[in-house]
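Colleague: Here it is, the structure in full.
The values are calculated or read from the model by the stated rules, or taken from the named source; none is laboratory data. As the structure is a computational prediction, the values presented were derived from the model and not from experiment. Cβ coordinates were reconstructed from backbone atoms using ideal geometry, including for glycine residues, and neighbour counts include every protein chain displayed. Note: areas computed on protein heavy atoms with side chains; ligands, DNA, RNA excluded. Shrake-Rupley method; radii C 1.70, N 1.55, O 1.52, S 1.80 Å.
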Amino acid sequence: MATLSRPAGYSKLQIRLHWLVALLILFQIVGHDGVEEAFDAYMDGGVPGGFDLALAWAHVVSGLAIWVFAAWRLWLRFTRGVPAHPGGASKLDVYASNAVHVVLYGLLLLMPVSGSAAWFLGIEAAADGHSNARFILLPAVLLHIAGALAQHFWFKTDVLKRMMKPVA
C-alpha cells in the first residue's frame, strides 16, 4: 500500500542506504573479474585460489547485502514516500527518471538472486544472466549519476542536495 504523501526530502536512513548501496555496487564492479575466475574454477570442478575465493565470498556477501538494502529502500519508498520531481520537470524528464529507478531497483533485486542461484546451486544460465545484467546495470547507474549531476549543475534543482542532507 503506497503512501500518497510527498516528503520534502529523504530521511537519514534513506540517504545512508542509498550511499551504502552505491559503495557496494562500486565494489561489485571492481571485483567482478576475480569472482568470474573463481566461479569458472568452481564449475570446472576445481577449488578457486585463496584471493579469488575470498573475493568471491566478499562479492556474494556484498550482493546479498545489496538485496537486503535495496528491498529496505523500496519498503521505505512505499511507506515513507519520496520527494516530488522538481517543479518544471518535463514529462520526459519524469518518465526517464522513473524508468531508470525501475531498472535500478529491478536489477538490484534480481542480480543477487541470479548470483545466488549461480554460486550456491551451480546454475550456469543464472551465472550468465547475472554477468550479462551488468551491461544494463552500469549504463543505468551512469544515467542515474548523469541525471543527478544535470539536475544540480544544468537545471539548478535540489535533486542532488536532497540525497545529501536528510529531512526529518
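Colleague: Restricting attention to the range 102-119, report how many residues are touching a helix residue (DSSP H, G or I) at 6+ places or on another chain (Cβ under 6 Å), crowded, with 17+ Cβ neighbours inside 10 Å and either within 23 Å of residue 75 (Cβ to Cβ) or aromatic (Phe, Trp, Tyr) (or both).
Modeller: Final tally of qualifying residues: 9.
Colleague: When the range 65-76 is examined, which residues are found to be without any contact (Cβ under 8 Å) to a residue 24 or more places away in the chain and either more than 16 Å from residue 5 (Cα to Cα) or surrounded by 14 or more Cβ atoms within 10 Å (Cβ to Cβ) (or both)?
Modeller: In the first step, residues of the range 65-76 are kept if they are without any contact (Cβ under 8 Å) to a residue 24 or more places away in the chain; the result is 68, 75.
Matches in the range 65-76: 68 only.
Colleague: For the range 89-100, what are the residues that are surrounded by fewer than 16 Cβ atoms within 10 Å (Cβ to Cβ) and without any contact (Cβ under 8 Å) to a residue 12 or more places away in the chain?
Modeller: Residues satisfying the conditions are 90, 91, 92, 94, 95, 98, 99.
Colleague: Answer yes or no as to whether residue 81 is open to solvent by 50 Å² or more (accessible area, probe 1.4 Å) and over 14 Å from the mean Cα position of the chain (by Cα).
Modeller: no
Colleague: Something else now. Say we look at the range 120-168 and pick out the residues that are polar (S, T, N, Q), in contact (Cβ under 8 Å) with a residue 60 or more places away in the chain and part of a helix (DSSP H, G or I); which of these is surrounded by the fewest Cβ atoms within 10 Å (Cβ to Cβ)? Give the derivation first.
Modeller: Filtering the range 120-168 down to residues polar (S, T, N, Q) leaves 131-132, 151, 157.
Add one more test, that the residue is in contact (Cβ under 8 Å) with a residue 60 or more places away in the chain, and what stays is 131, 151, 157.
Adding the requirement that they be part of a helix (DSSP H, G or I) leaves 131, 151.
On the way: 131: 17, 151: 20.
Out of the qualifying residues, it is 131.
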